[in-house]
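To start, the structure under review is shown below, and the notes come after it.
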Amino acid sequence: MDQSLFHLLDQDQDLSQRKWTLVNGPVIVGAGPSGLATAACLREQGVPFVVLERAECIASLWQKRTYDRLKLHLPKQFCQLPKLPFPEDFPEYPTKKQFIEYLESYANHFDVNPKFNECVQSASYDETSGFWRVKTVLNKVEFEYICRWLVVATGENAECVVPNIEGLAEFGGEVIHACEYKSGEKFQGQKVLVVGCGNSGMELSLDLCNHNASPSMVVRSSVHVLPREVFGKSTFEIAVSMMKWLPLWFVDKLMLILAWLVLGNTEKYGLKRPSVGPLELKNTQGKTPVLDIGALEKIKSGDINVVPGIKRFSYKQVELINGEKLDIDAVVLATGYRSNVPSWLQEGDFFCKNGFPKAPFPHGWKGNGGLYAVGFTRRGLSGAASDAIRIAQDIGKLWNDETKQHKKIAIACQRRCISQF
């Protein structure tokens with residue numbers, strides 16, 4: 001056994017009384033796309049690992065907290081994980097069901113078998129021994145994993161953001177977060193207030209329209225709306241191609257010109273554009289532009305009512321900041337998600353208080369003491385894939401070096417024993 005582990009056992013007498021295991025490789029926290037991608041890349045490197053997942057399935061956000069009509073917003077070639085592309089017969093924008101099928105086949109292909117229903121309570125680094133201590137709970141039983149490397153793969157969307165809005169508790173009608181929304185079918189004939197105008201808010205408003213509900217969408221701040229495709233080609237793909245040759249500010253200007261040609265002036269419908277271009281805004285603040293798939297037409301026709309910010313709720317009614325009052329039957333909070341890293345990772349150098357790495361992209365994947373982060377680039381699945389490849393290569397080199405060193409020590413001990421015999 002490693003001398004540093006002996007030291008850890010001596011230091012913490014309680015550890016010998018608890019259930020624990022030494023992991024000969026990294027512990028990956030989270031079995032979403034980021035965790036699966038990292039595990040697959042480690043498998044290719046020949047590095048053993050343990051994946052911990054608090055839910056009972058992989059990709060629980062996709063399986064349990066997304067709406068039925070969801071499709072990938074970007075073409076599949078920008079969303080595939082390392083080492084295994086999407087099936088050729090999948091459409092350019094795979095459905096939620098198809099994406100989950102892809103992730104399940106991905107996990108099977110690389111023999112990734114997470115430990116499900118293990119909720120990480122805390123993870124801390126013991127500087128004296130050089131080990132990470134990851135404490136979990138499964139069926140009310142505490143367990144501890146001890147490892148050299150810790151990969152944080154819980155992602156940008158671990159917890160729902162529910163705003164504190166005056167009077168919401170007294171509203172009296174149904175109030176749900178977007179993560180609970182499945183279909184607009186149950187809202188047929190109802191007046192629904194959708195709080196938020198990102199991709200989820202826009203798409204839920206469109207879905208409500210398609211199910212004969214009457215949605216009003218709250219737009220508090222400026223938002224970039226871009227067509228998902230321009231002349232049959234993905235807007236994102238066009239932007240990526242142009243950025244190989246042109247500066248970002250110029251690509252932003254071209255994107256806005258294309259958006260104006262295809263969508264017209266969105267400001268006259270209550271969708272004011274930010275002063276910063278869509279790509280620069282994404283890079284600097286992580287705010288994703290809305291890729292329109294039909295909601296804008298419903299806004300233009302008046303089927304989706306765009307309203308300003310909320311002042312307060314009262315019984316079955318909302319008062320807006322412009323003084324207007326609307327009678328409504330239900331509220332859908334498309335108010336986004338946040339990282340939950342600060343709630344369990346006991347570390348203050350690598351991660352900010354908002355649960356994102358302090359170092360900007362592309363340097364936010366590696367911290368000190370064997371700490372890594374995957375899926376926090378604000379660049380979607382392609383950013384997670386890039387992180388996973390880097391992390392696996394880095395850990396693979398360290399693991400191979402340590403393994404060689406241990407083998408040398410074992411051979412030397414063996415020779416010593418033979419010579420003494």
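The values are calculated or read from the model by the stated rules, or taken from the named source; none is laboratory data. These numbers come from a predicted model, not from an experiment. As a convention, Cβ positions derive from the backbone with ideal geometry for all residues, glycine included, and neighbour counts pool all protein chains shown. Protein only, heavy atoms only, side chains kept; ligands, DNA and RNA dropped before computing areas. Shrake-Rupley method; radii C 1.70, N 1.55, O 1.52, S 1.80 Å.
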Handout entry: When residues of the stretch 165-191 are limited to those that are farther than 21 Å from TYR315 by Cβ and of a type in the set (S, T, N, Q), the one surrounded by the fewest Cβ atoms within 10 Å (Cβ to Cβ)
Key = GLN188
Problem - Subset of the stretch 51-100 that is closer than 27 Å to LEU138 by Cα and assigned to a helix (DSSP H, G or I) - its residue that is most open to solvent (accessible area, probe 1.4 Å) - result: LYS64
Problem - Filter result for VAL29 (out of contact with any helix residue (DSSP H, G or I) (no Cβ under 9 Å at 6 or more places or on another chain) and at pLDDT 95 or above) - result: no
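Just to check your reading of the model, which residue among VAL162, VAL152 is among the β-branched types (Val, Ile, Thr) and open to solvent by less than 60 Å² (accessible area, probe 1.4 Å)?
On the way: VAL162 fails: open to solvent by less than 60 Å² (accessible area, probe 1.4 Å).
One residue alone meets the criteria, VAL152.
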Fill in the blank from the handout: When every residue in the stretch 139-170 that is part of a loop (DSSP other than H, G, I, E, B) and within 18 Å of the chain's Cα centre (by Cα) is compared, the one farthest from ALA55 (Cα to Cα) is VAL162
Exercise for the section: Evaluate the stretch 110-117: report whether one residue or more is without any contact (Cβ under 8 Å) to a residue 40 or more places away in the chain and under 30 Å from SER343 (Cα atoms). Expected result: no
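When you scan the stretch 134-149, how many residues do you find that are basic (Lys, Arg), in contact with a strand residue (DSSP E or B) (Cβ under 9 Å, 6 or more places away or on another chain) and surrounded by fewer than 21 Cβ atoms within 10 Å (Cβ to Cβ)?
1
Okay, residues lined up against (1) modelled with pLDDT of 95 or more; (2) of a type outside the set (D, E, K, R); (3) assigned to a strand (DSSP E or B); (4) in contact with a Lys or Arg (Cβ under 6 Å, 6 or more places away or on another chain):
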{"residue": "ASN113", "(1), (2), (3), (4)": "yes, yes, no, no"}
{"residue": "ALA123", "(1), (2), (3), (4)": "yes, yes, yes, no"}
{"residue": "SER129", "(1), (2), (3), (4)": "no, yes, no, no"}
{"residue": "VAL134", "(1), (2), (3), (4)": "yes, yes, yes, no"}
{"residue": "VAL137", "(1), (2), (3), (4)": "no, yes, yes, no"}
Practice task
Test VAL374 against the stated conditions and say whether it is at pLDDT 95 or above and farther than 30 Å from ASN265 by Cβ.
Solution key: yes
Exercise for the section: Pick out the one residue from ILE328, ILE304, ILE321 that is within 30 Å of ARG228 (Cα to Cα) and of a type outside the set (S, T, N, Q). Expected result: ILE304
Exercise for the section: Could you please find all residues in the stretch 201-228 being at pLDDT 95 or above and out of contact with any strand residue (DSSP E or B) (no Cβ under 7 Å at 6 or more places or on another chain)? Expected result: GLU203, LEU206, ASP207, ASN210, HIS211, ASN212
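Any residue at all in the stretch 393-409 that is under 23 Å from CYS79 (Cβ atoms), modelled with pLDDT of 90 or more and part of a loop (DSSP other than H, G, I, E, B)?
The initial filter retains those residues of the stretch 393-409 that are under 23 Å from CYS79 (Cβ atoms), namely 393.
Keeping just the survivors that are modelled with pLDDT of 90 or more gives 393.
Next, only the ones that are part of a loop (DSSP other than H, G, I, E, B) stay: none.
Within the stretch 393-409, none of the residues are under 23 Å from CYS79 (Cβ atoms), modelled with pLDDT of 90 or more and part of a loop (DSSP other than H, G, I, E, B).
Anything in the stretch 107-133 that is over 18 Å from GLU347 (Cβ atoms), open to solvent by less than 20 Å² (accessible area, probe 1.4 Å) and more than 20 Å from the chain's Cα centre (by Cα)? List them, or say none. Break it down stepwise before answering.
Our first condition is that a residue be over 18 Å from GLU347 (Cβ atoms); within the stretch 107-133, this holds for 107-119.
Those still in the list that are open to solvent by less than 20 Å² (accessible area, probe 1.4 Å) too: 107, 110, 112, 114, 118.
Within the stretch 107-133, PHE110 is the sole residue that qualifies.
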Exercise for the section: Could you check SER275 against (1) more than 29 Å from LYS71 (Cβ to Cβ); (2) surrounded by 14 or more Cβ atoms within 10 Å (Cβ to Cβ) and say which number it fails? Expected result: (2)
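Give, as residue ranges, the strands (runs of 3 or more DSSP E) completely inside the stretch 321-379 that count at least 2 residues that are open to solvent by less than 70 Å² (accessible area, probe 1.4 Å).
On the way: elements: 325-327, 330-333, 371-373.
Ranges flagged: 330-333, 371-373.
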